[in-house]
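Data block below; observations after.
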Amino acid sequence: MPARTLAAVASSELIRVTCCGSSWVGADRAHCCRRFRGCGAVFDDARLFDAHRPKGACTDPRGLDLVQTKNGIWLRPLDLAG
């Protein structure tokens, strides 16, 4: 298979993860793991994860105006519109 085709196949693979009773798809997700005193929430990206732990302790994602998808991923409200 040519290199160009291999790259297209690799970029379309889904990464599935399960931890702390939650499951999600996507390599860019950020999980606040309960095994390390986290809340178990899964965020759309690392910036949202960092925002929910401003002083090293978890805050409620709703307090950051985040919304949760039906699969439990917390994200910015505008992300749902687009």
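Per-residue 3J(HN,Hα) values for region 24-39, derived from phi via the Karplus relation 6.51 cos²θ - 1.76 cosθ + 1.60 with θ = phi - 60°, read 8, 10, x, 6, 8, 5, 10, 10, 9, 5, 5, 5, 10, 6, x, 8 Hz in sequence order (x marks Gly and Pro).
Which sequence of ASP50, ASP45 reflects their accessible areas, 1.4 Å probe, from the largest down?
Details: ASP50 95, ASP45 35 Å².
Ranked from most to least accessible, the order is ASP50, ASP45.
Decide, for region 21-78, between rounded, prolate and oblate: order the square roots of the alpha carbon gyration tensor eigenvalues as a ≥ b ≥ c, take rounded if a/c falls under 1.5, and otherwise choose prolate if a/b is larger than b/c, else oblate. Before the final figure, lay out the partial values.
Values: a/c = 1.56, a/b = 1.08, b/c = 1.44.
Verdict is oblate for region 21-78.
For PHE43, the amide hydrogen comes within under 5 Å of the amide hydrogens of ALA30, HIS31, CYS32, TRP74, counting only partners 5 or more places away or on other chains and with H modelled in the peptide plane.
The values are calculated or read from the model by the stated rules, or taken from the named source; none is laboratory data. Just so it is clear, the model here is predicted, and its values are computed rather than measured. Calculation scope for accessible area: heavy atoms of the full protein, side chains included, ligands and nucleic acids excluded. Shrake-Rupley method; radii C 1.70, N 1.55, O 1.52, S 1.80 Å.
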